[in-house]
Every structure is written in structure tokens, then in C-alpha cells.
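J.: Right, I'll just put the structure down here and ask away after.
The values are calculated or read from the model by the stated rules, or taken from the named source; none is laboratory data. Everything numeric in this text was worked out from a predicted model, so none of it was measured. Glycine gets a Cβ as well: all are built from the backbone with ideal geometry, and neighbour counts include every protein chain shown. For the accessible areas, the whole protein counts, side chains as well, though only heavy atoms, and no ligand, DNA or RNA atoms are used. Shrake-Rupley method; radii C 1.70, N 1.55, O 1.52, S 1.80 Å.
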Amino acid sequence: MSIPTHIGKRDPEDGTYNPGLQTEIEPVTRDNAIYNAFVASITPSDTLGSGTEKYQQDIFNRAPLSGLFGFWNTHSEITITVSSQDVPAAPQITHTYTNLQLNQAITLPVLGFVARPKVATECQVVISDGTNQRELSILVAPLPLTDSEANITTGFPEIKVNKTATQNDVGDDLYFTVIAPQRAFIAFDRQGNVRWYVCAGTSETPPELCLPVYNNLRLSDGTFIGSDVYLQHYYQPENMGANEPLGQRELWRFDITGRVLGIYFLRDRAHHSLMELAGENALLYASDYISVRKSGEGPNPDNANQGPSSEDCIAILDLSTGYEKVYYDLRIILNFWRTPVPMDLSVPYTYDWAHVNQVVFHSSSNQLIASCRHQGAVIGIDRETGALRFICANHDDWQATQSGIPTTDWSALLLTPINPETGLAYDLTDPIQKEHADRNFWTWGQHNVQLVPSTISDPAIIEFSVFNNGNYRTRDRSVGVVASENASRCSHYLVDLTNKQVKLEFEYGQNAPGAAGYSPYVSTANFFNYQDNEAMPRLLANFGGSIFQENSAYPAGLPVTLEPGVSDAQDPLEEKMGSYQGRTLLQEVDLNTLNPLFEIEMTSGQYKFPPADVDDVRRVDLYSFRAYKMPLYS
């Protein structure tokens, strides 16, 4: 039988398919003009300590907790310190710029201001070269209003700090989280103070002042790149199909001060994963490839949302030009006829059967490791040939075909799961063992596949983590686990390609936060070693898609699912058309003790009701698709 494979090239790199990187576009030209005017105002007399240095807070009107300092430089090292006597517990943030150009005008970002709800905050800035210095006092405006304060649906999140940490506990890096839909990209310090943010803007915000706050990534040069559903201001393909969803074809690149450096115009949406390929100046991403399949065709037994398929392509983008270098078509690589669990009815007339939501590159084995949410599968694809190398997923239904006659030996690619309780392979012909594997081993609706630091150099060993959302925990949707009895798990797996086995090395979330953190969609899990010390394993857990209803039996709210009967079985305890609220729980966990060292909780602060005129309830209020721990200064 055949081995599924497909690697292709759609883009002739002449702008006809993928228009590529745009720099002569209003957000970029506007910001260039602002920056150039700022630099032009600096003269040789504006040395540090002269009192005539130039400073502008939020110079591009997109990043309120950033400043730009300009002066005529005479020293190779400059140290900037930001603190606030108004919030004495807020850690002082200090950064030293090195190898600076001498005897010329330079600009330096100033970061680390503190902002609070409802009240302004005075912050102090000290800029020094060791001999001369400039001191500034900056009054920072209050944080934007929340939903309940502004009586809107996409305000700034309400923030509850459940656990703070010391420098010895977690260091000085900040916690970055992207709060959607159309809310904010925020950085918190270890005391839960907001130290930087950008907002999506509102319907009244001029397009040139917008930024993505959904699928954001920091690149190795310190800039950010991201897409967002609402960013459809400057580009829409001319040859879009009638049922193609709008948005996320503009990939914005910006810096920490909010300056837009370029916008990539993409023929297919950059809806999910973004990963920089080290040393290649290229972006690996999960692309929406809308096929030519017509409505009514395909394997979906429910005949729901039939039409073009989506989220079934992986692509590599040249960041210097914005042209697509290569793509991998999962309709050929993976089994297109295997039905999705869970499903997603959010884009009408579109068959979302694979839902590739994250891709990473495992260099030692030369494989792309991809998370296919609606197949409950993490797969390995040979980067050079496009051949499928392994499938880490429940073994059911892989032989499904349009004709009913198997054409591919999928069994040769399916990994054997090892029961962590016994150390032996599950006997999947035994109904009891099979159910145990479904409920406790396999991933369901997972997000955020990441490589885990490993001491094993064998290219046949691949260690990855996922945020195992846990939708249904079975392919039999009639017996799925309901949200109030479920738990999302941050899971670490080890794949042994030589023996075609997969082991569950570790998981967190089943017992705590348990159902209160159950996230039927989005969310992230990042395993790392604190200070690169294997004796201090850590987890940045972002239970980013929790949804709850008011219920007297559940102090933290009754956990409910995103789409009752679609993303999970409907819970008899929930009120389908009742009010709901979104919640994001962000933790840094000490994996030696399983205790959170840091924890913040974000909600919209306002219960919502689903529209009364819809058949398919979709509860979207507040969620976090991405979270990172990283320095404020790059």
C-alpha cells in the first residue's frame, strides 16, 4: 500500500499568488515618518545629561507602556532603569544596552512602566552611562476599561493575582499573554503588575493604528509577528472563493514600541501556528488552504458545514520577501476520510477536518511535528519529502476511504501507546484497556505542540509536549466526558520511532486545577528548565479557554464547553442558552513539587448570553491562544 506524501510549491514568487512583504503601506510609512522626524530633531548638543535629550511616550500611539529616548551618544554602554514608588512591590526593571554606536544620534526603547486599573501611576526613569544621567518622571495613564466598566464586549481583562513570586523563585522574565478576541497583548511581572501591553483597537480605531492580538510570536531579532481575524484592512485576495473566511491574510510585524515594520500579504490565512526556523529567516506556519471541494462532497456523516476544507496545510514563508517557499497538503498526507472529533461549526460551509493548529521543526530527525486538533493526532512529516513518518493518536478509523476499500497501510505509522501505570503496551483489542487509553493517554483536541528539552541525542527519539484540551476523550461522541467532569492536561510525550512506541512521560492539570481549568479550545503548555538547570523543571501552563456559568454548586463557576454537542457532549447541569464567561488561568509550576509559583486569573468581568436566534451555540467571551515567558527587552 502507498505511503501518504505531498510536498508542493504554489507560489511563483512574482507576487501573483502571494503578494508578499509590503513596506510601502500606510502603517509602515506613517511610522517611518514619525521615527525619522524624531531622529532628525537630535543634535550633537543633545548629549546624555544635557537636559535637551529627546523623549516621547508611546510615540506610535500603540504601546502605552513604552517610551523612546533619543540623544547624541558618547558611550558604548547605557543603562536604563524603570521603577515606581506608587507601586513599591513592582520589581525595578533594568536593562543595559551595549556596543552602541558613538558620536551619532541614537534612539533607545524605554520599557517597564507600571499601569494600574482606574488610577494613574507615576513612574521613575533613570538613564545613565556611568558618568552622566537623565532622570524622568512619567505619569502613566490607567489601564483600559474592562467589559463591565465600559459596557462593551471586548474590553481589557479583569485581572486577579492569585500567587506572586520572588526573584529567587522565577527570575526577572515577564509573562506575556495574548488575550482575545480583539483585546490585548499583555506582559506581567512576577507580582502580577502590568508592565507592557498593546490593544487591538476598536471599530473606531483608524486601521493604521491597529495591531494583532491573537496569534503573536517574538522573532529572534526581537520584533513581533502576528495575525488576527479582524485585521483585513489592506488586503483581500482577488480570487477568494465564495465561502472563504475573511481575515488573517495580513501578517503584521512590529517592535516593542508598537512601530509597524512591515505587513505580509498572504493568499491563505496564517490562522494558527507561527514558528521561526532558526538561521533560515523563514516562518513555519499552519495555513488555511481552501480547497476546490464543493458543498456536499466529503466524508462528514453529519453533513454539517460541508464545502471547502480548511486548516489543512503547512507552509514555509520567506521572511525577507514574504513569498511562500513550500507547502505540505494534509489532504494527501493525512487521511482526509477520517471524520473529525471534535468538530467546529464556526465557519459556515467549510469542512474543518484536520485543524492544524501548531507545527514545530525537529531538526535532528528533519521532521515537522504537527498538531491536528480535529483528528486528536500529533504527526511527524519528513521535511524534505513530505512523507508521513508517524501518527500519535487513537487507532480508530484510520482505514476509512471514500470507496470503503483501504488504500494506505496506516497501521504501519500508528504508534503503540505504553501504559504509564504498568510500563507495558496497551492491548487495544481489550475494550477495558482501550477505554483507559482513550480517557487517560491519547490527546483530544490538543493545541500547542512544542519540543521538550531532551538529553537524548538519538534522532529516532522525539520528545514533545502538548496542551491536551481533552474534548470528549473518545471518538464515540455519544459517551464523551462532559466539561464539569473533565480536565485539560499539560502533557509530555516521548516518541520512539525505532520501536514505534509512544510514552506519556508526565502530565499536569488532571487533579489541579482540574475541571476549573478545563479549556475546550486554545491554550498553551511550555515545559522548560529554569536557568537551564535540569534539576529545576518548570511548566508555563496557560489554561486559556476555560468557560463557566454561575452555579451554586460550583464556587468557581460550572465548567461548560465551547459548542455544546459539537466541541463536547452537552452537560445536563449546564444551561445551554444561559449566561457564560471566559477565563484564562496562567501559571508557572514547579514540576518538582507540582505547586504553582505564580498564578494570575483573567476574566472579562461580565457574563454574556448567546444570541437567541442561533441553532449552534458558540460561547466565545475571553480566551488566550498564546502565552510566553521571556525578557521584556530582547
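J.: Would you calculate the separation in nanometres between label points at ASP458 and ALA612, each defined as 7 Å from the Cα along the Cα-to-beta-carbon direction?
T.: 6.3 nm
J.: Also: Stretch ALA40-ASP476 to full length: gain in nm at 0.36 nm per residue minus the Cα-Cα span?
T.: 150.3 nm
J.: Kindly identify region 331-474 as rounded, prolate or oblate by the Cα gyration tensor criterion: order the square roots of the eigenvalues as a ≥ b ≥ c, call it rounded if a/c is under 1.5, otherwise compare a/b with b/c, prolate if a/b is larger, else oblate.
T.: Rounded shape, in that the Cα axes give a/c under 1.5.
J.: Now for a separate question. Which order, highest average first, do 492-502, 327-337 follow once you tally other Cβ atoms within 10 Å for each residue and take the mean per peptide?
T.: Descending mean neighbour count gives 327-337, 492-502.
J.: To continue, here is another question. When the accessible area of region 376-502 is split by element with a 1.4 Å probe, what percent falls to carbon and sulfur?
T.: Solvent-exposed carbon and sulfur of region 376-502 make up 49 percent of the total.
J.: Rounding to the nearest 10 and keeping the result within 0 to 90°, find how far the Cα-based axis of helix 431-440 lies from the longest principal axis of the chain.
T.: 10 degrees
J.: Please report the carbon-and-sulfur percent of the accessible area for region 1-103; probe 1.4 Å, protein heavy atoms only, DNA, RNA and ligands left out.
T.: Within region 1-103, the accessible surface is 49 percent carbon and sulfur.
J.: Taking a ≥ b ≥ c as the square roots of the eigenvalues of the Cα gyration tensor of region 410-479, is the shape rounded (a/c under 1.5), prolate (a/b larger than b/c) or oblate?
T.: oblate
J.: Also: What's the ranking of 595-602, 319-326, 93-100 by average number of surrounding C-beta atoms within 10 Å, highest first?
T.: Packing proxy ranking, top to bottom: 595-602, 319-326, 93-100.
J.: Taking the alpha-carbon distance from LYS503 and a cut-off under 26 Å, which lysines remain once sequence neighbours fewer than 8 residues away in the same chain are dropped?
T.: Within the straight-line limit of under 26 Å, LYS503 reaches these lysines: LYS434.
J.: Starting from the 7 Å offset along Cα-to-Cβ, what nm value, one decimal, do you get for the label separation of HIS233 and GLN402?
T.: The answer from the label model is 4.3 nm.
J.: Another question about this same structure. Please go through region 74-182 and write out the GluC sites (Glu not before Pro) that DSSP classes as loop and that have at most 12 other C-beta atoms within 10 Å.
T.: GLU77
J.: Still on this model: Using only the alpha-carbon atoms, how far is helix 26-40 inclined from the longest principal axis of the chain? Give it as 0 to 90 degrees, nearest 10.
T.: 30 degrees
J.: Just check region 318-411 against the gyration tensor rule for me: Cα atoms, a ≥ b ≥ c as the square roots of the eigenvalues, rounded for a/c under 1.5, and otherwise prolate or oblate depending on whether a/b exceeds b/c.
T.: Judged from the Cα gyration tensor, region 318-411 comes out oblate (a/c at least 1.5, b/c at or above a/b).
J.: Still on this structure, please answer the following. For ASN32, what is the net charge nearby, where nearby means another residue's Cβ is under 11 Å from its Cβ and Lys, Arg count +1, Asp, Glu -1?
T.: That sum, taken over residues with Cβ under 11 Å, equals -1.
J.: Based on alpha-carbon centroids, what's the gap between region 317-355 and region 416-455 in Å, whole number please?
T.: Region 317-355 and region 416-455 have Cα centres separated by 25 Å.
J.: Tell me, in nm to one decimal, what length is gained between ASN243 and THR96 on full extension, where the rule is 0.36 nm per residue of separation less the Cα-Cα distance?
T.: 47.8 nm
J.: Report for region 1-130 the percent antiparallel among DSSP-assigned beta bridges with both residues inside it, nearest 5.
T.: Percentage antiparallel, nearest 5: 95.
J.: Taking the Cα-to-Cβ direction at SER320 and at GLU550 and moving 7 Å from each Cα, how far apart do the two end points lie in nm?
T.: 5.9 nm
J.: Can you list the lysines whose alpha carbon sits under 17 Å from that of LYS608, skipping same-chain ones fewer than 8 residues off?
T.: Reachable lysines: LYS576.
J.: So for each of 232-245, 205-218, 405-418 I average, over its residues, the number of other beta carbons within 10 Å; can you give me the resulting order with the highest mean first?
T.: Going from most to least packed, we get 205-218, 405-418, 232-245.
J.: Let me ask something additional. Magnitude of the Cβ-charge dipole of the chain, K/R +1 and D/E -1, about the Cα centre, nearest 20 debye?
T.: 180 debye
J.: Assuming R0 = 45 Å, what is the FRET efficiency of SER411 and ASP221, from their Cβ-Cβ distance, to the nearest 0.05?
T.: The calculated FRET efficiency here is 0.50.
J.: To the nearest 500 deg cm²/dmol, what mean residue ellipticity at 222 nm is calculated for the chain from DSSP H runs of n ≥ 4 alone, each contributing -39,500 (n - 2.57), summed and divided by the residues?
T.: Mean residue ellipticity, 222 nm, calculated: -1500 deg cm²/dmol.
J.: When the chain is fully extended, how far beyond the present Cα-Cα distance does LEU428 get from ASN366, taking 0.36 nm per residue of separation?
T.: Full extension of this stretch gives 19.3 nm more.
J.: Taking only protein heavy atoms into account and a 1.4 Å probe, give the accessible area per residue of the chain in Å².
T.: 38 Å²
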